[in-house]
Amino acid sequence: MKEKTELIDFVSDFIDSNSQEFSIEINQFLYNNPETNFEEFKAHAHLTDYLEKKPGWEVTRSAFGIDTSFVAIFKHKPKENSKVISFNAEYDALPEMGHACGHNLIATGAIAAAITSAEAMKKFNIAGTIKLFGTPAEEGGDGKGKMLKSGAYDDVDVSIMHHGNSESPGQAFVRTAASFRFNIEYFGKGAHAGACPWQGVNALDAASIFMHASSLLRQQFEATDRIHFIVTDGGAAANIIPDYTRIKGIIRAINRTKMAELKKKLVGCVKAGALGSGCTYKINYENEYNDMISNVPLTNSFRKFFNGFCEKDNEPKLRDFYSEKNLVSSASTDQGNVSWNIPSLHSFFCIKSDKEPHTIEFGEAAGKESSHVACLKSAKCMSLTGLEVLYDDEFYTKIHSSWKADIEILEPKNIDLNTLDEEFTYN
């Protein structure tokens, strides 16, 4: 594109000139009105009201069967072979902690990038379509997974988003863990613990055996494996043999293949609890988050634009790909599910804090002006990367070739994730 330098300047200047609007209308509103997963009604109403006022945008509220989801679509001279890019705006908060994961800034950056890209498409006559998704319930609700199943991303060519992190200056190529949540129920037989305990079948014993077995299993875990759980129902009184117990937990692993292996081992521990106590059991798992496949061409594009701004402003640059590729976050995201379906970007920008996400201190930092500035710098790069997808056919081909190669390498071999145990039940 001949006007590439002019395009970069336009995107940067547009975001800078609208920084206050993005701060007041999006960032500050979300930060001051935190709502947990699938309860983001204020955010949904406010953001869709805001977007409906923008010329050229078609907004659908409560999209894809989710009350607090939306999609806003902008088109400029779409052709048969023109591309569709998407930006994901997360806006759910954490219980009792507010925006301690910085989703107020995720939404701010996504919306800023989408609106800016639309203005650039008009000015530079770039054909294509933008889909801005309002994606609720990332925090344990698998909002994007549910949207995927409803067809939200079926005609999308690339998915772009970012996330705050405490490490400076940020990260372009991001790997996150795969995870799933599980519920285990044991069913026994109640009895008086003092008068006739032999008549009971102790469901708490079953839970104890499971917890002991799975804790011993940690000795053979790799450094990136995790299992953590709580007992939510362990009996009603000390003098009653519990006839029912329930355990809720999460398993994390470096990728889908390893997660499937851990799932098999989990089933063995559950069965051990049942066999050792005489109970029956039921396992239910939900909200499976796949590991994030960061698309290398997309991350290289983001890094190129980010480091260009850093050079101009004399600020620290992002590390190169080879320095980032072995870094694996133990966190999980439903953007990982999207990345297994279409090429995706999930970059990190810096929220200056001594603490990691999901802490009070990080939440306080997410509300500061310096975090808003960092968010909008990232938004500039997301916008420019998305625009490059639209106007550069060779770049687009590289993106999809790289993604197909990643899927071929990473797809679990000889493991059916849906038939690990006949006694599993699924949501």
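Quick notes
- Within the range 177-196, considering residues that are under 21 Å from HIS228 (Cα atoms) and touching a helix residue (DSSP H, G or I) at 6+ places or on another chain (Cβ under 6 Å), the one surrounded by the fewest Cβ atoms within 10 Å (Cβ to Cβ): ALA178
- Subset tally (residues that are over 17 Å from GLY249 (Cβ atoms) and within 42 Å of the chain's Cα centre (by Cα)) for the range 191-223: 7
- Picking from residues in the range 323-340 that are touching a residue at least 60 places away in the same chain (Cβ under 8 Å) and over 14 Å from the mean Cα position of the chain (by Cα), the one that is surrounded by the most Cβ atoms within 10 Å (Cβ to Cβ) is GLU324.
- Among the residues of the range 304-316, none qualifies, meaning not one is under 21 Å from the mean Cα position of the chain (by Cα) and either at positive phi or of a type outside the set (Gly, Ala, Ser) (or both).
- Verdict on ALA195 being at pLDDT 95 or above, aliphatic (A, V, I, L, M), assigned to a helix (DSSP H, G or I) and more than 30 Å from ASN337 (Cβ to Cβ): no
- Enumeration of residues in the range 7-38 that are touching a residue at least 40 places away in the same chain (Cβ under 8 Å) and of a type in the set (Asp, Glu): ASP16, GLU35
- Scanning the range 392-417 for residues that are within 30 Å of PRO78 (Cα to Cα) and part of a loop (DSSP other than H, G, I, E, B) turns up just one, ASP392.
- Number of residues in the range 225-267 that are more than 19 Å from LYS282 (Cα to Cα) and in a strand (DSSP E or B): the value is 5.
- Residue that is farthest from the chain's Cα centre (by Cα) [pool: residues in the range 134-155 that are surrounded by 21 or more Cβ atoms within 10 Å (Cβ to Cβ) and among the hydrophobic types (A, V, I, L, M, F, W, C)]: ALA152
- Test: residue in the range 137-150 that is closer than 18 Å to LEU345 by Cβ and in a loop (DSSP other than H, G, I, E, B): yes
- Residue in the range 121-133 that is in a helix (DSSP H, G or I), of a type in the set (Val, Ile, Thr) and crowded, with 21+ Cβ neighbours inside 10 Å present: no
- Matching strands (runs of 3 or more DSSP E) fully within the range 33-91 where at least 2 residues are surrounded by 20 or more Cβ atoms within 10 Å (Cβ to Cβ) and touching a strand residue (DSSP E or B) at 6+ places or on another chain (Cβ under 9 Å): 70-76, 84-89
- Considering the range 178-203, the residues that are hydrophobic (A, V, I, L, M, F, W, C) and in contact with a Phe, Trp or Tyr (Cβ under 8 Å, 6 or more places away or on another chain) include one that is nearest to PHE349 (Cα to Cα), namely ALA178.
- Residue in the range 297-317 that is closer than 30 Å to LYS146 by Cα, surrounded by fewer than 21 Cβ atoms within 10 Å (Cβ to Cβ) and not hydrophobic (A, V, I, L, M, F, W, C) present: yes
- Number of positions in the range 271-286 that are closer than 30 Å to SER332 by Cα, surrounded by fewer than 21 Cβ atoms within 10 Å (Cβ to Cβ) and not hydrophobic (A, V, I, L, M, F, W, C): 5
- Screening CYS350 against (1) surrounded by 16 or more Cβ atoms within 10 Å (Cβ to Cβ); (2) farther than 15 Å from GLY164 by Cα leaves a single unmet condition, (2).
- Of the criteria (1) farther than 16 Å from ALA112 by Cα; (2) out of contact with any His (no Cβ under 6 Å at 6 or more places or on another chain); (3) modelled with pLDDT of 95 or more, which one GLY363 fails: (2)
The values are calculated or read from the model by the stated rules, or taken from the named source; none is laboratory data. Here the structure is a predicted model, which is why all the values come from computation and not from measurement. Reconstructed Cβ throughout: ideal geometry from the backbone, glycine too, with neighbour counts over all protein chains shown.
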